[in-house]
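Have a look at the structure below before the remarks.
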Amino acid sequence: MARYGVATKLSPEQTIAKAVAWFGQEGLGLEVTERGDCCATFVGGGGHITITAKAGGPKTDIELVTREYEYDVKQFMRKIA
């Protein structure tokens, strides 16, 4: 399991929406098993991704925890940073 962090100018809600588009059925094809304003969990293919977004001043702090999807998480982080 790997844990990553990144900051973005997007709001927590915008970040989660982008994560759902990137990792969900229309993107990577993972099943969204949990979704809220500040978090989402995706599962599939023997792995998972959990993203948590917390507003912190001018930027939003993002934490991503994954198993099996490290490459895809890193690509997503580059896109939103």
Pairs, first under 10 Å from LEU64 (Cβ atoms) in the stretch 2-22, second among the hydroxyl-bearing types (Ser, Thr, Tyr) and not in a loop (DSSP other than H, G, I, E, B), C-beta under 6 Å, six or more apart: ALA2/THR66
Residue under evaluation ALA7, criteria (1) assigned to a strand (DSSP E or B); (2) among the small types (Gly, Ala, Ser); (3) under 11 Å from the mean Cα position of the chain (by Cα), criterion not met: (3)
Residue list for the stretch 19-40, restricted to those being farther than 16 Å from GLY57 by Cα, surrounded by 14 or more Cβ atoms within 10 Å (Cβ to Cβ) and in contact with a strand residue (DSSP E or B) (Cβ under 9 Å, 6 or more places away or on another chain): ALA19, VAL20, PHE23, GLY24, LEU28, LEU30, VAL32, ARG35, CYS39, ALA40
Unmet criterion (only one of (1) open to solvent by 90 Å² or more (accessible area, probe 1.4 Å); (2) part of a helix (DSSP H, G or I)) for GLN75: (1)
Within the stretch 46-68, tally of residues that are open to solvent by less than 80 Å² (accessible area, probe 1.4 Å) and over 11 Å from the mean Cα position of the chain (by Cα): 6
Condition broken by GLU34, with the remaining ones in (1) in contact (Cβ under 8 Å) with a residue 24 or more places away in the chain; (2) charged (D, E, K, R); (3) not in a loop (DSSP other than H, G, I, E, B) satisfied: (1)
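The values are calculated or read from the model by the stated rules, or taken from the named source; none is laboratory data. Just so it is clear, the model here is predicted, and its values are computed rather than measured. Don't worry about glycine lacking a Cβ; one is built from the backbone with ideal geometry, like all the others, and counts go over all protein chains shown. Just so you know, the surface numbers come from the protein's heavy atoms only, side chains and all, with ligands and any DNA or RNA stripped out. Shrake-Rupley method; radii C 1.70, N 1.55, O 1.52, S 1.80 Å.
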